[in-house]
Amino acid sequence: MTNTTRQTCNDEKFMSNITHLECSVCGKHRPAGQIHNLCECGGPLLVRYDLDRARATFPRESLRNAPSTMWRYAPMLPVQEPSAITSLGEGWTPLVKTSRLGARLGADRLWVKDEGVNPTGSFKARGLSCAISMCRQLGVKKVAVPSAGNAAGATAAYAAAAGLEAHIFMPQDVPQSNFIECKATGAHVTLVDGLISDCGRIVAQRKEAEGWFEVSTLKEPYRIEGKKTMGYELAEQMDFTLPGAIFYPAGGGVGMIGMWKAFAEMEALGWIGPARPKMIAVQAEGCPPIVRAFERGQAKSDFYEGAETVASGLRVPKALGDFLVLNAVRESGGTAVAVNDNEILDSSLAIARDEGMFIAPEGGACVAALSKLLASGFLKQNERIVIYNTGSGLKYLEAFATRFPRATASEQDKLGGLITPR
Ligand SMILES: *Cc1c(COP(=O)(O)O)cnc(C)c1O
Ligand SMILES: [Zn+2]
C-alpha cells in the first residue's frame, strides 16, 4: 500500500492543485507553502485549489488506479512534496449497509461509514496524516496539540512515523487507551485537570517559548483537509449520488465542515450535482453548544459550562468553527440533535449486536439521534441515510465496562462460572 501511495503521488497528474489559503471570516488570501495558524482577524484559514485545472486533470475515472487510502484524492489535498506524505493506511474505510439495525429502527436504506478501522482507531488519523505531512513539507520539527483524546493518539502516532517531537495536552480523565497510545508512541504527555479548552489555553501560552507548532484543529489549516476526504469517499462509494441525510457526531464539527467543503469542491470538479444531504449534527446532552445555538437561531455557539459525556470526542464546550457547522446544517435543511449518555451506550450496543460492529459512543450517539428523527417524522423510512461512526469501541473500554461489570474471581467461583484448568 505504501508503495502504491508513493508511486501514485510521484505521478505528475497526482500533484496537488493547491493555490492559496483563504480566511473563512474576512476572505483575506495567504500564500500556500508557508506555515500558518489563524488569520489575524481570528478566522480559520481554508485551503483553496485550482478547480479548473483539477477538473481538467483529475477526472473521476482516474480513481480506478488510485491508492486505497485517503491519498487517492492527493490532487485535492495540500501536500506538494510527495516525499513528505506520512501515511499509515488511513481512509478508504468501509461503507457498511446495515442488515438488521435499519429494519429495527424503520430505515430501509441505512449505511454506516466505519471510521473505527482507521489507524489509531478513529477518523482523527485522516486529519493528522495530512497535518503532519504538511509539517514535514514545511520543516516543522515539534508539534503540540490540545485534545479530548483521539486527536492526541493520532498526533502522537503520525509524529512518530514522521520523526517529529509531539507535545500532547489532554484532560486527566481521558480514556486509558488515549493516554497509553500517546506514551507508547513516544509523545510528551501532560494531563490537565480540566477540559480540552483548558488544554488549548496552556498550549497557546507555551508554544512560542517552546518552539512548538500548534496543530489544534482549524487553528491549523490542514487537518480539515484530511477530514474532508470522508466526503469524497462517501460520494465515490455511493457512485457519486450523495445520500439524503448524514448523521455526524459533532465535537468541533470539523469533519462536517470538511465534508461540506468536499461536496462544493466535487461539484466544481463535475463529480456530483447540486443536491446535498441533510447534514445532521449530533451532540451529547451533557455538552450540546451547537444544538443550543441551532435551536436559538444563533450564528455562533456560547461556551458550554460543565461539559460531561462518555462520548469524549463530543466534550468540546466551544468550537472555533461553530459558525461553519451551523451554516452547513442550515443550508442543507438538516438539524441538530442532542442525546443522553444512556441512549448513547444503549445505541452503541444495539448496533454491536445487530451488525457485529463495536463502535465508539460518538457513533452510538448518531444511532440514537436517528431513532429520534425517524420517530418524529423528520426522516422518512425510504430515505438513503448514512451514519458516521468516527471511532472504534475498543478505545472506550472504561465506558462500556459500566454495562458489563466483571465479577471477581471468588464471586465467579460461587456462581460456578470460574473454570480452573488442571
Ligand atoms: C474528535 C472526535 C469527534 C468529533 O470530531 P469533530 O469533527 O471535531 O466534530 C467525534 N468522534 C470521535 C471518535 C472523535 O475522536
Ligand atoms: Zn481573516
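The packing ranking of peptides 358-368, 188-198, 111-121, highest mean first, is 358-368, 111-121, 188-198, where packing means the average number of other beta carbon atoms within 10 angstrom of each residue. Sorting the segments 257-270, 392-405, 82-95, 25-38 by their residues' average number of neighbouring beta-carbon atoms within 10 angstrom, most packed first, yields 257-270, 82-95, 392-405, 25-38. For the chain, the dipole from Cβ point charges (+1 on Lys and Arg, -1 on Asp and Glu) about the Cα centre works out to 460 debye, to the nearest 20. In the stretch 1-159, taking the dipole from charged Cβ atoms about the Cα centre, the farthest positive-side position among 68, 112, 39 is held by 112. Working note: Karplus 6.51/-1.76/1.60 with θ = phi - 60° gives the stretch 343-352 the couplings 4, 4, 5, 4, 6, 4, 6, 5, 6, 4 Hz, where Gly and Pro are set to x. Over all orientations, the stretch 204-290 has a Cα convex hull whose mean projected area works out to 7.4 square nanometres.
With the Cα gyration tensor of the stretch 51-128 giving a ≥ b ≥ c as the square roots of its eigenvalues, does the rule (a/c under 1.5 for rounded; else a/b larger than b/c for prolate; else oblate) give rounded, prolate or oblate? Oblate. A straight Cα-to-Cα reach below 18 Å connects residue 183 with the lysines 124, 142, 395, residues fewer than 8 places away in its own chain not being considered. Take residue 216: with every protein chain present and a 1.4 Å probe, its accessible area is about 10 Å².
Here residue 414 is the anchor, and no lysines lie within straight C-alpha reach of less than 25 Å, apart from those fewer than 8 places off in the same chain. Applying 0.36 nm per residue to the separation of residue 375 and residue 19 and subtracting their alpha-carbon distance, the gain on full extension is 123.6 nm. As a rough guide to protection, the peptides 99-105, 316-322 ranked by mean Cβ packing within 10 Å, highest first, stand as 316-322, 99-105.
What does the C-alpha gyration tensor say about the overall shape of the stretch 313-422? Classify as rounded when a/c is under 1.5, otherwise prolate if a/b is larger than b/c, or oblate. The shape class here is prolate. Length available on full extension from residue 206 to residue 346: 0.36 nm per residue minus the Cα-Cα distance, which gives 46.3 nm. Mean residue ellipticity at 222 nm, helices only, the chain: -11500 deg cm²/dmol; runs of at least 4 DSSP H residues each add -39,500 (n - 2.57), and the sum is divided by the number of residues.
3J(HN,Hα) couplings calculated from phi for the stretch 169-183 with the Karplus curve 6.51 cos²θ - 1.76 cosθ + 1.60 (θ = phi - 60°) are, in sequence order, 10, 9, x, 5, 9, 4, x, 3, 4, 5, 4, 5, 5, 5, 5 Hz; Gly and Pro show x.
In plain terms, if you count all Cα to Cα distances in the chain and split them into 20 Å steps from zero, the share in each step is 28, 59, 12, 1 percent. A full extension of the chain between residue 141 and residue 303 corresponds to an added length of 55.0 nm, given 0.36 nm per residue minus the alpha carbon distance. Here residue 318 is the anchor, and the aspartates and glutamates within straight C-alpha reach of less than 12 Å, apart from those fewer than 8 places off in the same chain, are 198, 302, 305. Post the alpha-carbon centroid distance, the stretch 34-86 to the stretch 285-333, in whole angstrom. Spelled out, the Cα-based centre of one part sits 28 Å from the other. Under 5 Å from the amide H of residue 340 lie the amide H atoms of 285, each residue being 5 or more positions distant or on a separate chain, with H modelled from the backbone and absent for Pro and chain starts.
The 1.4 Å probe gives accessible areas that order 223, 48, 384, largest first, as 48, 384, 223.
Taking label points 7 Å from Cα along the Cα-to-Cβ direction, residue 408 and residue 264 give a separation of 6.0 nm. Expressed to the nearest 5 percent, the antiparallel share of DSSP beta bridges inside the chain is 30 percent. What the Cα convex hull of the stretch 63-180 gives, in volume per residue, is 133 Å³. For the pair residue 40 and residue 61, what calculated FRET efficiency results from E = 1/(1 + (r/R0)^6), where r is the Cβ-Cβ distance and R0 = 45 Å, to the nearest 0.05? So the FRET efficiency works out to roughly 0.60. Atom-type composition of the exposed protein surface of the stretch 64-152 places 44 percent of the accessible area on carbon and sulfur (1.4 angstrom probe). Remark on residue 213: its backbone amide H falls under 5 Å from those of 142, 143, 144, a criterion applied only to residues 5 or more positions apart or on other chains, H modelled at 1.01 Å from N.
The values are calculated or read from the model by the stated rules, or taken from the named source; none is laboratory data. What you see is a predicted model, and the numbers here were worked out from it, not measured in a lab. Cβ coordinates were reconstructed from backbone atoms using ideal geometry, including for glycine residues, and neighbour counts include every protein chain displayed. Just so you know, the surface numbers come from the protein's heavy atoms only, side chains and all, with ligands and any DNA or RNA stripped out. Shrake-Rupley method; radii C 1.70, N 1.55, O 1.52, S 1.80 Å.
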